[in-house]
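First the structure, in the form of structure tokens, and then the observations on it.
The values are calculated or read from the model by the stated rules, or taken from the named source; none is laboratory data. If you're wondering where the values come from, they're calculated on a predicted model, not measured in any experiment. Counting neighbours? That spans all protein chains shown, and the Cβs are built from the backbone with ideal geometry, glycine included. Heads up: the accessible areas ignore ligands, DNA and RNA and are worked out on the full protein's heavy atoms, side chains in. Shrake-Rupley method; radii C 1.70, N 1.55, O 1.52, S 1.80 Å.
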Amino acid sequence: MKQFASKSNRALLAELVRTDFKLRYQGSLLGYAWSLLKPLLLFVILYIVFVYFLKIGKGIEHFPVYLLLGIVLWNYFTEMTVQSLGSIVGRGDLIRKIRIPRWMIVFSSSISATINVLLSLVVVAIFMVINQVPLNISILFLPVYLVMIYVFALGCSFFLAAAFVKFRDISYIWDIVLQAGFYATPIIYPLQMVGNDLVEKILLLNPMAQAIQGARYDVITHQTLTTSNAWGGTWFIIIPSVITIIVFVGGILYFKSQSKDFAENI
């Protein structure tokens with residue numbers, strides 16, 4: 001914490017975040033607008049396919065916003081982990097030249113992703129107004145789900161960034177994991193469509209499923225199936241929370257154990 005509190009490290013962190021944004025959209029015609037356009041374009045495609053052609057989501061009120069919020073939250077997790085995965089290798093020259101806290105490089109990527117999701121949530125809010133989603137006091141729980149996603153993604157990010165230094169195949173494996181996770185998590189379909197209570201319960205033990213479904217329940221509609229009402233008890237939300245903590249702590253410990261050899265292995 002003393003490292004983080006130092007003025008020089010705070011300035012370095014701010015510079016790393018700015019550089020991340022510049023490099024990500026360098027040479028792009030629309031620049032930073034892509035951070036908003038990407039989830040919106042994906043939303044439009046999925047909405048047309050799944051709502052108009054496959055007729056999915058007809059029983060869920062305000063399904064367009066329901067779908068958009070799920071995509072935005074999943075993209076938050078995806079962007080944070082994918083950007084962090086190659087962050088250490090990408091900053092190899094910087095690591096070899098100066099003494100810099102290694103964790104700060106991964107942390108800067110997480111801040112960039114967080115800024116993007118906050119901007120995307122503004123777009124979700126606009127769609128809520130257009131779709132006439134009633135504003136409930138339960139929307140105040142949304143930051144809780146964002147924190148849960150952030151902590152889970154940060155644990156994954158620390159592990160991936162450290163593992164990628166030695167094992168470059170990790171990037172391909174993680175792409176497959178993300179694709180599988182996208183369909184295993186109820187993002188593009190209502191979880192009730194699964195039609196099997198046991199499978200629904202198991203899927204909701206995934207921290208991302210709990211966070212997305214919980215956010216939908218508190219922000220959009222109480223028709224959303226959550227961990228607590230699927231399992232019939234609020235204490236079951238502890239299981240995904242424990243998984244999140246294990247991933248977070250495990251990721252940090254693995255990153256710390258490998259960080260001393262980063263300069264030699266990059």
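Worth a mention:
- Selection status of residue 123, in a loop (DSSP other than H, G, I, E, B) and surrounded by 13 or more Cβ atoms within 10 Å (Cβ to Cβ): no
- Meets criteria (within 23 Å of residue 53 (Cα to Cα) and over 17 Å from the mean Cα position of the chain (by Cα)) for residue 194: yes
- Test result for residue 259, more than 27 Å from residue 134 (Cβ to Cβ) and of a type in the set (Gly, Ala, Ser): yes
- Filter result (open to solvent by 40 Å² or more (accessible area, probe 1.4 Å), without any contact (Cβ under 8 Å) to a residue 60 or more places away in the chain and over 25 Å from residue 46 (Cβ atoms)) within region 208-242: 229, 231, 232, 234, 235, 237, 238, 239, 242
- Any hit, region 138-153, residues being open to solvent by less than 20 Å² (accessible area, probe 1.4 Å) and more than 25 Å from residue 224 (Cβ to Cβ): no
- Qualifying positions in region 11-27 - modelled with pLDDT under 70 and either open to solvent by 40 Å² or more (accessible area, probe 1.4 Å) or out of contact with any helix residue (DSSP H, G or I) (no Cβ under 9 Å at 6 or more places or on another chain) (or both): 22, 23, 24, 26, 27
- Single condition residue 100 does not satisfy, out of (1) in contact with a helix residue (DSSP H, G or I) (Cβ under 8 Å, 6 or more places away or on another chain); (2) at positive phi: (2)
- Test: residue in region 197-207 that is acidic (Asp, Glu), at pLDDT 90 or above and loosely packed, with under 15 Cβ neighbours inside 10 Å: no
- Count of region 168-193 residues, restricted to those that are surrounded by 10 or more Cβ atoms within 10 Å (Cβ to Cβ), aliphatic (A, V, I, L, M) and over 17 Å from residue 217 (Cβ atoms), is 7.
- Answer from 118, 94, 135 - the residue that is under 23 Å from residue 178 (Cα atoms), without any contact (Cβ under 8 Å) to a residue 24 or more places away in the chain and open to solvent by 10 Å² or more (accessible area, probe 1.4 Å): 118
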